[in-house]
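Trainee: The structure's right below; bear with me while I get my questions together.
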């Protein structure tokens with residue numbers, strides 16, 4: 001009779017700490033995004049409201065200003081969590097790939113926060129100025145400029161590109177050690193759908209695939225967070241017996 005020991009593969013002690021932190025950041029980012037878009041979609045008709053005339057957007061913003069600014073601030077916080085998550089995941093991956101993961105996580109967080117913060121720091125003043133007939137045209141022009149530059153170009157287009165690239169690199173780095181095959185495939189699919197957002201200015205239907213990608217990506221983040229937590233468990237050894 002011989003006895004063999006099998007050990008469940010897990011991360012190193014240092015990587016387990018980073019994995020726990022990354023799981024909290026990724027789970028928080030997903031939950032805040034889901035909550036934020038749900039509330040803003042209900043109260044502010046976001047993002048569909050952005051297709052309406054600027055005067056209508058600002059009028060609805062003023063009507064629900066406290067709620068809208070609060071939840072855009074929450075979305076910005078959720079987006080900011082991608083920076084520490086990228087750093088911790090980069091440490092787990094290690095090497096050049098790990099540095100790219102950290103850099104893209106930080107970049108994705110920065111551009112999305114830049115895009116979202118305008119609703120907290122800039123739009124309230126613009127909405128107030130638009131009530132004055134003498135300043136209305138200038139206020140609406142400023143809103144459209146900030147929406148185009150900060151919102152569409154930086155927050156959305158660059159955000160889509162960095163988020164998709166970050167997700168792909170994370171899957172490449174961890175698919176053989178942490179991520180099960182089904183979750184790796186889901187990551188690739190969500191990244192591909194999110195990346196279609198880059199061509200929205202040229203192909204309007206891409207907004208639908210981009211939206212589907214973000215929905216899938218939020219679910220992927222939660223599942224990924226759960227997998228990371230599981231990977232932080234101490235390795236357990238089990239005995240198996242066979243006849244000699």
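The values are calculated or read from the model by the stated rules, or taken from the named source; none is laboratory data. None of the values given here were measured: they were computed from a predicted structure. Virtual Cβ from ideal backbone geometry, glycine too; neighbours counted across all protein chains shown.
Trainee: Could you run through segment 50-71 and say how many residues are surrounded by fewer than 20 Cβ atoms within 10 Å (Cβ to Cβ), assigned to a helix (DSSP H, G or I) and modelled with pLDDT of 95 or more?
Mentor: As a first pass, look at segment 50-71 and keep what is surrounded by fewer than 20 Cβ atoms within 10 Å (Cβ to Cβ): 50-56, 59-60, 62-67, 69-70.
Pick out the ones that are also assigned to a helix (DSSP H, G or I) and you get 50-51, 54-56, 59-60, 62-63, 65-67, 69-70.
Still in the running and modelled with pLDDT of 95 or more: 54-56, 59-60, 62-63, 65-67, 69-70.
Within segment 50-71, residues that are surrounded by fewer than 20 Cβ atoms within 10 Å (Cβ to Cβ), assigned to a helix (DSSP H, G or I) and modelled with pLDDT of 95 or more number 12.
Trainee: Also, I was wondering about something else. It is to be established whether one or more residues within segment 130-144 are free of Cβ contacts under 8 Å to residues at least 40 places away in the same chain, within 18 Å of residue 47 (Cβ to Cβ) and crowded, with 18+ Cβ neighbours inside 10 Å.
Mentor: For segment 130-144, residues free of Cβ contacts under 8 Å to residues at least 40 places away in the same chain, within 18 Å of residue 47 (Cβ to Cβ) and crowded, with 18+ Cβ neighbours inside 10 Å: absent.
Trainee: Does residue 195 qualify as being in a helix (DSSP H, G or I), touching a residue at least 40 places away in the same chain (Cβ under 8 Å), closer than 26 Å to residue 95 by Cβ and touching a helix residue (DSSP H, G or I) at 6+ places or on another chain (Cβ under 6 Å)?
Mentor: no
Trainee: Related question: Select, from 184, 161, the only residue that is under 23 Å from residue 16 (Cβ atoms), under 18 Å from the mean Cα position of the chain (by Cα) and surrounded by fewer than 20 Cβ atoms within 10 Å (Cβ to Cβ).
Mentor: That would be 184, the only listed residue that is under 23 Å from residue 16 (Cβ atoms), under 18 Å from the mean Cα position of the chain (by Cα) and surrounded by fewer than 20 Cβ atoms within 10 Å (Cβ to Cβ).
Trainee: Further question: Scan (1) exposed (fewer than 14 other Cβ atoms within 10 Å of the Cβ); (2) modelled with pLDDT under 95 for the single condition residue 42 breaks and write down its number.
Mentor: (2)
Trainee: Another question about this same structure. Out of 127, 93, 85, which single residue is under 24 Å from residue 213 (Cα atoms), buried (at least 17 other Cβ atoms within 10 Å of the Cβ), in contact (Cβ under 8 Å) with a residue 24 or more places away in the chain and out of contact with any strand residue (DSSP E or B) (no Cβ under 6 Å at 6 or more places or on another chain)?
Mentor: Details: 127 fails: under 24 Å from residue 213 (Cα atoms); 93 fails: under 24 Å from residue 213 (Cα atoms).
Within the list 127, 93, 85, the selection yields 85.
Trainee: Of these, 11, 104, which one is in contact (Cβ under 8 Å) with a residue 40 or more places away in the chain and more than 22 Å from the chain's Cα centre (by Cα)?
Mentor: Numbers: 104 fails: more than 22 Å from the chain's Cα centre (by Cα).
It is 11.
Trainee: Another question, then. May I ask you to say which residue of 90, 78 is assigned to a helix (DSSP H, G or I), more than 14 Å from the chain's Cα centre (by Cα), closer than 19 Å to residue 163 by Cβ and modelled with pLDDT of 95 or more?
Mentor: That would be 90, the only listed residue that is assigned to a helix (DSSP H, G or I), more than 14 Å from the chain's Cα centre (by Cα), closer than 19 Å to residue 163 by Cβ and modelled with pLDDT of 95 or more.
Trainee: Right, next: Looking at 179, 104, 169, can you tell me which residue is touching a helix residue (DSSP H, G or I) at 6+ places or on another chain (Cβ under 7 Å), at pLDDT below 95 and buried (at least 19 other Cβ atoms within 10 Å of the Cβ)?
Mentor: Every option except 179 fails the conditions.
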